[in-house]
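Scroll down for the structure; my scribbles are underneath it.
Every number in this text was worked out from the coordinates using simple rules, so none of it is lab data. None of the values given here were measured: they were computed from a predicted structure. Note that each Cβ is placed from the backbone with ideal geometry, even for glycine, and that neighbours are counted across all protein chains shown.
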Amino acid sequence: MTTLGQPNAVSIAFFLGFILVTLGITYWAAKKTKSTSEFYAADRSVTGFQNGLALAGDFMSAASFLGIAGLVATGGYSGLIYSVGYLVGWPIVLFLVAEPLRNLGKYTFADVVAYRLKQRPIRTAAAIGTIITVVLYLIAQMVGAGQLVELMFGLSYSTALIGVGVLMILYVLFGGMLATTWVQIIKAVLLLGGATVLVLLVMNRFGWSYNNLFREVAGINPKLLSPDTTKVATSPLDVFSLMLGLMFGTAGLPHILMRFYTVPDASQARKSVFYATGFIAYFYVLTFTIGYGAAALVSAKYLAKDSFGSNMAAPLLAEILGGAPFLGFLSAVAFATILAVVAGLTLAGASALSHDLYVGVFRNGEQSEKDEVRVARIATVVLGVLAVLLGLLFKSVNVAFMVGLAFAVAASANFPALLMSVFWKKFTTGGAVASIVTGLILSVVLIVLSPTVWTDVFHLTSAPPFPLKSPAIFSMPAAFLVGIVVSLLKPEPEAAEKFESELLRTYAGIGAE
Amino acid sequence: MGTLLFFSFGAMMSMIEKEVVHKVVHDPEFLALIKKKNAISFSLMAIMLLVYFGFAALLALSPQTLAKPIGSATLGIALGIGVILVACVLTGIYVRWANTEYDSLIQKLNARLAEKQLTEKQAEETHHA
């Protein structure tokens, strides 16, 4: 028996407590959120440690908490593949993009790509790349939110979506980046704390020994401990493609990249990646333990798709080990997690709409700060409403698939252009636009032609034209190649000339905002 | 007339600025520092790629190797956790180096360049006088 789906006093109390505290923070942050630098970047006042927690908060979505724990519980090893792939993106972010972003840009990653190149074409292309990545990720989070809240609290799907939408708009609209950062920090602490308690309860049950836990899992289903890629990939090449996309996707996620503008300088930016990597690694070890704990302790009939589905493995385990109050606490934490991630995504999308598209393209870079913040606030409301509508529209879409698509687009459309603009002197405006467009179109088209959409979504009986589930192994190199060829065919001497001052700023931080 | 004057003044300023930038960027110490930094970050990245895609290769081509038992777990589980740990350690090594050694070298370089610029400016002023 489970009380899942029946809200209890503990879950409601925690949930209301979280809302009160975060709205209080938003009220406090609103007073400090007037200029563009305050709205988009918390006036660069966040410390490396705080930003590390907030980055971890942005990254540890409910999809990865509940999704990976569930994947481990039912699919065993494939959950670990995702954990490893998501985590190794962080060293890449540190070694290649964190410092140039902080030193060259102002509020968005398009600032960096456009540093030496022509503003309008670059900002248009980069804003489209940003918006598409953000919207795909947003749909995944909103659909996940609706389904979770429905399951956990017994609220209807649409009520849940509207609730998430309203709260998230309040945070971003009034509190900007400062409120969003603190919502992320609180959520990260709650999630890490809740998951730690759950793991302690699991380990207590198994005599504080992973050996006992694994033995129990092997007794139930020995396959859970051996690697099996058939669930996530169609061929060895597809395994590489999946893992390539996971690794480089992180370095192209706009809401993650944007966080580097909230710290005062490059040293703090580096520090924040170090803390984020540590927190996220710890979190994945926890989810992995929770997943196997659920495999050992939660009755298989609850994990089956027709019951609660594998996403509920962690909450069900929490109830078995900690009773209804702990289930209530964890449900509230899961909801807080969704809210925080959705707020971060909306802020990133709103920045692209106002800073890149409206000011950079339509107003040619000339707009008063006050007006820019006003436009960013309008964009926040528009994106918030859009997120709720898309969540209602795509109710039945597979959440993991949407997240995978967002990562593929980020790795193919955003990351190659960003990297080449920082490291390659001969990179041109034409090359950047061609690279972004190629990565974007190729990753989306290949996914539509892949078994993931062709067979699983469209239910077509013919063989899918593209045999792999993950497109990154083709779309990412193609974006690089097209960017290089177009740049070499038509050089842009003005851009190459500015490379020297860019070097000075990238490496020494001279002239950084 | 006024706009023309203003325009040429702006162009002159940016020319001076360009010269300073050019000087710094071709400063042998700055170049050596960039080189060292890239060498460190690219080699750490190479290690990460090797470890990660090595793991991917085993996973894709020889899953039976990863299924070998280690205690009551499997080699695959141990290696997966190992890759996560390697990522943390490499991040730590880089941040430690960059936030101590690199940052202080950059600071020294900035101070030296500022001093040099000042003396050059003074020399120019005495020359004009």
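Relative to one another, the C-alpha centroids of segment B:48-82 and segment A:199-245 are positioned 11 Å apart.
By count of other Cβ within 10 Å, fewest leading, how are A:Leu503, A:Leu200, A:Leu257 ordered? Can you show the working numbers first?
Details: A:Leu503 19, A:Leu200 14, A:Leu257 26.
If I rank by nearby Cβ atoms, fewest first, I get A:Leu200, A:Leu503, A:Leu257.
Relative to the longest principal axis of the Cα atoms of chain A, helix A:210-220 runs at roughly 70 degrees.
Put a plus charge on the Cβ of each Lys and Arg, a minus charge on the Cβ of each Asp and Glu, and nothing anywhere else: the dipole of segment A:422-513 about its Cα centre is then about 220 debye. Using equal-weight Cα scatterers in the Debye expression, the normalised intensity of segment A:290-372 in log10 at q = 0.26 Å⁻¹ is -1.12. With a sphere of radius 12 Å drawn around the Cβ of A:Leu4, what net charge do the other residues whose Cβ falls strictly inside it have (Lys, Arg +1; Asp, Glu -1)? In short, -2. Past 25 Å, Cα to Cα, is the threshold; run A:Lys31/A:Lys370; A:Lys106/A:Lys469; B:Lys35/B:Lys108; A:Lys106/A:Lys425 against it and keep the listed order. Checking Cα-Cα distances, A:Lys106/A:Lys469 exceed 25 Å. Dimensions of the protein assembly as shown along the principal axes, based on C-alpha atoms and rounded to the nearest Å, stand at 93, 52, 50, largest first.
Determine the relative contact order of chain A: mean sequence separation of Cα pairs under 8 Å and six or more apart, normalised by residue count, in whole percent. If you can, show how the numbers build up before the last one.
Numbers: 920 pairs, mean separation 156.2, N = 513.
Across chain A, relative contact order equals 30 percent.
Three principal axis extents describe the C-alpha atoms of segment A:40-91; from largest down they are 44, 22, 17 Å.
What relative contact order, as a whole-number percentage, does segment A:215-353 give when Cα pairs under 8 Å and 6 or more residues apart are counted?
Details: 58 pairs, mean separation 29.1, N = 139.
Relative contact order here is 21 percent.
Could you pull out the trypsin sites (Lys or Arg not before Pro) across segment A:177-265 that fall in loop regions by DSSP (anything but H, G, I, E, B) with no more than 14 other Cβ atoms inside 10 Å? Don't skip to the answer; put the middle values down first.
Working: sites: A:Lys187, A:Arg205, A:Arg215, A:Lys223, A:Lys231, A:Arg259; in loops: A:Lys231.
Loop-located and lightly packed - A:Lys231.
Among residues other than A:Thr181 with Cβ under 15 Å from its Cβ, the summed charge is +1 (Lys and Arg +1, Asp and Glu -1). Annotation for B:Lys121 and A:Ile162: the two label points, set 7 Å from Cα along the Cα-Cβ direction, are 6.3 nm apart. Converting the Cα gyration tensor eigenvalues of segment A:1-113 into ellipsoid dimensions via √(5λ) gives semi-axes, longest first, of 32, 26, 9 Å. Projecting the Cα atoms of A:Ala281, A:Ile92, A:Val46 onto the charge dipole of chain A (Cβ charges, centred on the Cα centre) puts A:Val46 farthest toward the positive pole. Placing +1 on the Cβ of every Lys and Arg and -1 on the Cβ of every Asp and Glu, with no other charges, gives segment B:57-129 a dipole of roughly 440 debye about its Cα centre.
Taking the Cα centre of chain A as origin, sum charge times position over the Cβ atoms of Lys and Arg (+1) and Asp and Glu (-1), and report the length of that vector in debye to the nearest 20.
Working: 31 positive and 24 negative charges, 32 e Å.
The dipole of chain A has a size of about 160 debye.
Fraction of C-alpha pairs exceeding 22 angstrom in segment A:337-429: 46 percent, rounded to a whole number.
Where does the protein assembly as shown land at 222 nm, in deg cm²/dmol rounded to the nearest 500, when only DSSP H runs of n ≥ 4 count, each adding -39500 (n - 2.57), divided by all residues?
Values: 29 runs with 481 residues, N = 642.
The helix-only estimate for the protein assembly as shown comes to -25000 deg cm²/dmol at 222 nm.
Helix A:369-393 axis versus longest C-alpha principal axis of chain A: approximately 40°, rounded to the nearest ten.
Kindly state, to the nearest 0.05, the FRET efficiency for A:Leu200 paired with A:Ala300, given R0 = 25 Å and r defined as their beta-carbon distance. Calculated transfer efficiency: 0.55. Highest-first packing order for the peptide set A:375-384, A:268-277 is A:268-277, A:375-384, based on the mean count of other beta carbon atoms within 10 Å. Distance between the pseudo-spin-label points of A:Val445 and B:Leu50 (7 Å out from Cα toward the beta carbon): 3.8 nm.
Averaged over all directions, how much area does the convex hull of the C-alpha atoms of segment A:113-262 cover when projected, in nm²? Numbers along the way, then the final one.
Working: hull surface 56.3 nm².
Average projection, Cα convex hull of segment A:113-262: 14.1 nm².
In whole angstrom, segment B:51-129 maps to an equivalent ellipsoid with semi-axes of 58, 13, 4, each derived as √(5λ) from the alpha carbon gyration tensor and ordered largest first. Among the trypsin sites (Lys or Arg not before Pro) in segment A:9-81, those located in a DSSP loop and surrounded by at most 14 other Cβ atoms within 10 Å of their own Cβ are A:Lys31, A:Lys34.
Using the Cβ-Cβ distance between B:Asp103 and A:Lys118 with R0 = 30 Å, the FRET efficiency computed as 1/(1 + (r/R0)^6) comes to roughly 0.35.
For chain A, the longest principal axis of the C-alpha atoms and the axis of helix A:236-249 are separated by about 70°. Karplus-derived 3J(HN,Hα) values for segment A:502-513, using 6.51 cos²θ - 1.76 cosθ + 1.60 with θ = phi - 60°, are 5, 4, 4, 6, 4, 8, 10, x, 6, x, 5, 5 Hz; glycine and proline are entered as x. Counting, for every residue in A:81-87, the Cβ atoms of other protein chains within 10 Å of its Cβ and taking the mean gives 5. Counted by neighbouring Cβ atoms within 10 Å, the residues A:Thr337, A:Thr506 run from fewest to most as A:Thr506, A:Thr337.
As a proxy for reagent exposure, B:Glu124, A:Glu366 were ordered by neighbouring Cβ count within 10 angstrom, fewest first; the result is A:Glu366, B:Glu124.
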